[in-house]
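Here is the structure we will look at.
Bear in mind that the values in this text are calculations on the coordinates, not laboratory data. None of these values were measured; they are calculated from a predicted model. So basically every Cβ, Gly included, is an ideal-geometry build from the backbone, and we count neighbours across all protein chains shown.
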Amino acid sequence: MAIQRILVADDEESIRWVLSKALKKQGFNVDLAEDGYQARKLAQHHHYDLAVLDIKMPGIQGLDLLKQFRTDHPKTLVVIMTAEATMENAITAMRNGAYDYLTKPFDLTTLDAIILKAEKAAELTGKIDLLKEDLQDQYSFGRSIVGNSQPMQDIYKILGRIAGSDVTVLVTGESGTGKELITRAIHINSQRLGKPFIALNCAAIPHELLESELFGHERGAFTGATERKTGKFEQADGGTLFLDEIGDMPLELQTKLLRVLQEKEITRIGGDKTLKVDVRIIAATNQDITTLIKDKQFREDLYYRLNVVPIKLPALRKRRDDIPELVDFFLQKSKQEFGIDSMECSPEALDLLNTYRWPGNVRELENVIKRAVLLSPNQVLTSIDFPDLLAGKKQQQSESLEALVAHKLENSLAQMNLQEMDNLYEMVLHQIERPLINIVLKKTRGNQIKTAEVLGINRNTLRKKIKMLDIEVKRGGS
């Protein structure tokens, strides 16, 4: 039973007696108060699921007591009783948060119906509270946002300070760094939890339709507007509006957005009615806003309005200490998603993941792990399960080697008179070939078959080069 304990406060003893008898018969625990002071004192020492209060009592009046309940005991449902069935009393009671309103004399079946409805409401409230707790747990800064590196620790400090306020936030960072995740975590951990969270990607909507998406339109406002449409600002009223890729918003819309931030009101396209909106704005972009401002593509005054609290998310390559923890997080998430009992990452594979550049940042890492978990026939992921990363690493090594050789060549050639040389190509080739073959022979402990395989040349070709370059082969040497 959702409702277990009920408080009845009325200065008429007969009312208290009748209600107490009827409610106890239904199995409720009932406490009685003969005036407002006694009711308040009981409420300070006990939790009540439902309070039935007379509107006029000695001491504290019922409506004043109702206000105190809404402030001090917000989960208690309050029913107001009155012998004066005036519109003013009813409106005042409901406006101040009463769950329902009874006019004396009333039939006990009416009260039974109210209690039944209140039980359902209490159960629903309990489910909502559990959902909120689940959301807060899911999006708590320690669960949804993974990483303990210093850059992330600095961000956690900012999030902890701003989550409970309504301050405007501008989140910047490369694509895939988790800007929307940060925004949702701020909303879930704020006082606006339970209110709408509306996200709009400004780059994904054609410019000519973006204004309608934001502010809505009236029927007949333009060709194709066959009915009224509410915009994202109206949909997010009371909650949070996340404007992703704000840097792609056209200048004329930036002007209107600035006005909304200043006036906290909107007008639908084709309408003349001004609508007040209570919305917290969080914007995000992967572009350099200061550069856009210099290029006259973004309003400087809007930037300062949005950039009250800036949060710059680091690229994954700048927080490599977090990669092992992120890998484990995505492994566990993928196992649950695909119903896999066991899956882990080998040290060799983890080393590969640690050294990759991650141009797509955390989002790319998640997708790579998910794909490997889904496709691997084994319970331990190895480097073979990440073929794209292996290819990327080889290319990266090749580019690094080429850059190193180019740097050395440039320095060496700067000291030569190239005008007097006629065999530069052959000379450079021999200087590179000789140490290269020597190094590989050393690594293979003088095994010419293996050396030729590593170099990708014929064994006979290797023998000719060893002889031509006068290379000494030490078999089995270190």
Where the Cα pairs of the range 254-386 fall when distances are cut into 10 Å bins, in %: 10, 28, 19, 17, 18, 8, 1
Distance in nm between pseudo-label sites at Glu208 and Asn378 (7 Å out along the Cβ direction from Cα): 5.6 nm
Please list, short to long, the whole-number percent of alpha-carbon pairs of the range 319-391 in consecutive 5 angstrom bins beginning at zero. 3, 17, 34, 28, 14, 4, 0
Any chance you could run the full-extension gain for Asp388 through Thr103? It's 0.36 nm times the residue separation minus the Cα-Cα distance, nm to one decimal. 95.2 nm
Just to check, using Stokes-Einstein with a Kirkwood Rh over alpha carbon pairs, what's the diffusion coefficient of the range 255-311 at 25 °C and 0.890 mPa s in µm²/s? 190 µm²/s
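Quick check on the chain: of the DSSP beta bridges with both residues there, what percent are antiparallel, nearest 5%?
Counting DSSP beta bridges with both partners in the chain, the antiparallel share is about 10 percent.
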To the nearest 10 degrees, how steep is helix 13-25 against the longest Cα principal axis of the chain, on a 0 to 90 scale? 50 degrees
Peptides ranked, highest mean first, by Cβ atoms within 10 Å: ranges 365-376, 253-264: 365-376, 253-264
Plugging the Cβ-Cβ distance of Ile269 and Lys296 into 1/(1 + (r/R0)^6) at R0 = 22 Å yields, to the nearest 0.05, a FRET efficiency of 0.30
Determine, for each peptide in 3-15, 216-228, the mean count of other beta carbons within 10 angstrom over its residues, then list the peptides with the highest first. 3-15, 216-228
Least to most buried among Thr172, Thr103, by other C-beta atoms within 10 Å and fewest first, runs Thr103, Thr172
Which of Met416, Met249 has the fewest other C-beta atoms within 10 Å, and how do the rest follow up to the most? Met416, Met249
All-pairs alpha carbon distance profile, the chain, 10 Å steps from 0, percent: 3, 13, 15, 15, 16, 14, 9, 5, 3, 3, 2, 0, 0
Between Leu413 and Thr444, what FRET efficiency comes out of the Förster formula 1/(1 + (r/R0)^6) with R0 = 41 Å and r the beta carbon distance, rounded to 0.05? 0.80
Could you work out [θ]222 nm for the chain from helices alone, using -39500 (n - 2.57) per DSSP H run of at least four and dividing by all its residues? Round to the nearest 500 deg cm²/dmol. -16000 deg cm²/dmol
For Leu50, distant residues with modelled amide H under 5 Å away: Arg5, Leu7, Leu77
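Give me the percent relative contact order of the chain, please, defined on Cα pairs under 8 angstrom at least 6 residues apart.
Relative contact order for the chain comes out at 10 percent.
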May I ask which of Lys232/Lys264; Lys67/Lys273; Lys232/Lys370; Lys41/Lys117 have a Cα-Cα span longer than 23 Å here? Lys67/Lys273; Lys232/Lys370; Lys41/Lys117
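Is the shape of the range 159-313 rounded, prolate or oblate, going by the alpha carbon gyration tensor and its root eigenvalues a ≥ b ≥ c, with a/c under 1.5 for rounded and a/b larger than b/c for prolate?
Verdict is oblate for the range 159-313.
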Quick one: the Cα spread of the range 420-478 along its three principal axes, in angstroms, biggest first? 43, 22, 16
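Can you compute the FRET efficiency between Arg371 and Phe222 using 1/(1 + (r/R0)^6), with r the Cβ-Cβ distance and R0 = 51 Å? Round to the nearest 0.05.
0.70
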